[in-house]
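Everything on this sheet refers to the single structure shown next.
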Amino acid sequence: MPKVGSQKQKLLQVREILLNETDEQHSLSMPEIVKLLNRDGTTAERKSIRDDIDALYDFGLDIEIDEDVHPTQYRVLSREFQLAELKILIDSIQASKFITKTKSEELIDKIAHLASKHEAAVLKRPSVIVERIKNMNESIYYTLDYVQQAIYENHRISFRYFNYDVKKEKVYHCDGAIYEENPFALIYADENYYLLTYSDDEEKFKHYRVDKMEKVSVLNKSRSKQSKEKYSLISLSVYTKRTFSMYSGIERRVCMRFATKLSGVVIDRFGESVRIKIIDDDWFEINEYVMVSSMFFGWILSFGSDAYIVGSESIKRKMQEYLVGIMMNYEARTIDKR
């Protein structure tokens, strides 16, 4: 008589065989299941295998037993994820620049194992996706773990922050000084993760690109009382709506005028709650808080003559200075004619 331990193992082996080898288009007969079990070094009678299949069915595995054919066929009809859902997940990973090439391959392989081996072959066929530049920082997943741990445990974190120079070498901010911050939320925007923190020294919220954080440590210090009080007063959705391409700036209320054909674009950017003031048949205005930065000015300029800043006067002057700086780059005297 087989040992209890081996019987439990056989049940799991039968489950694995059915999930890996069968789907709506592919089934197995009892002799084929026996052969696959033998391949894995397990000997079993057909009746005990049928008992295992019945137990798996009772447990919730969607097994179809077709007794109208000979020999009887067994297959798993549905799974936790449909094939189309898995394909969407894989396409998203392939399209994301945030996920490194190595990690993309690992994740795709794991997702494919949620389907049968026949469906996995279909899932791994490349979709027509615009080639994306993948992130170079392989340690980003460990960084995310540390950040999430700190947020969950109400602790501060420390890290170094860097960027790349023209030689593709890391250049550390503040000469490599260690930042110590109160972490509160991870924000996914513009295909990157950002960590929202509160600086006690500067008394303001800041955000950092997670893939440019290094030597991250969870400190044995609780987040400050001041930072928690400030965080309770902000809305993440409002914060990201006012920040263009996650570039920080001075928060100001700005009056902007747009051509009526851009109403959908403005609603997408500021949300359905944005207050629109109709000027005439051709124009409308909004008056919203934004982080005034070069990215905000660039967003306005992307619409050409169909959008412009009405006020305040100080913001209009900053836009004019921004435009002058751009124009100077195109002056004839600055063009290298060699």
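The values are calculated or read from the model by the stated rules, or taken from the named source; none is laboratory data. Bear in mind the structure is a predicted one, so any value in this text is a computation, not a measurement. For neighbour counting, all protein chains shown are included, and Cβ atoms are generated from backbone atoms with ideal geometry for every residue, glycine included. Please note that ligands, DNA and RNA were not included when accessible areas were found on the heavy atoms of the full protein model with its side chains. Shrake-Rupley method; radii C 1.70, N 1.55, O 1.52, S 1.80 Å.
Here are the numbers:
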item	result
Table column - 3J(HN,Hα) (Hz), segment 66-72, Karplus curve with 6.51, -1.76, 1.60, x for Gly and Pro	9, 9, 7, 10, 10, x, 4
Residue-by-residue Karplus 3J(HN,Hα) for segment 279-284, coefficients 6.51, -1.76, 1.60, Hz, glycine and proline x	8, 7, 5, 9, 9, 9
Neighbour net charge for residue 250 - beta-carbon separation under 12 angstrom, K R +1, D E -1	+4
Whole-number percent relative contact order across the chain, with pairs defined as alpha carbons under 8 Å at least 6 apart	10 percent
Cα gyration tensor, segment 175-255 - rounded (a/c under 1.5), prolate or oblate	oblate
Candidate values (i) 14; (ii) 35; (iii) 43, label of the one derived for percent of Cα pairs over 39 Å apart	(iii)
Accessible surface, per residue, of the chain when the full set of protein chains is kept, probe 1.4 Å, Å²	63 Å²
For the chain, built as a Gaussian network whose Cα springs stay under 10 Å, the top-fluctuating residue of 34, 254, 76	34
List 221, 168, ordered by accessible area with a 1.4 Å probe, largest first	168, 221
Computed lengthening from residue 283 to residue 152, 0.36 nm per intervening residue step minus Cα-Cα distance	42.5 nm
Karplus 3J(HN,Hα) series, Hz, for segment 180-186 with 6.51 cos²θ - 1.76 cosθ + 1.60 (x for Gly, Pro)	10, 9, 9, x, 10, 7, 9
Within a Gaussian network of the chain (alpha carbon springs, distance under 10 Å), most fluctuating of 262, 233, 301	233
Accessible surface of the chain [probe 1.4 Å, protein heavy atoms]: carbon and sulfur percent	51 percent
Accessible-area value, residue 12, 1.4 Å probe, nucleic acids and ligands omitted, Å²	120 Å²
Extension gain (nm, one decimal) between residue 314 and residue 77, 0.36 nm per residue minus Cα-Cα	78.9 nm
Sequence-distant residues sharing a close amide H with residue 157 (under 5 Å, placed H)	181, 219
Most fluctuating residue given options 293, 248, 273, as computed from a GNM of the chain linking Cα atoms under 10 Å	273
Shape call, segment 1-117: gyration tensor on alpha carbons, a/c limit 1.5	prolate
Cut-off under 5 Å, modelled amide H: who pairs with residue 279 long-range	284, 285
Cα-based shape type of segment 64-214, given that a ≥ b ≥ c are square roots of the gyration tensor eigenvalues and the cut on a/c is 1.5	prolate
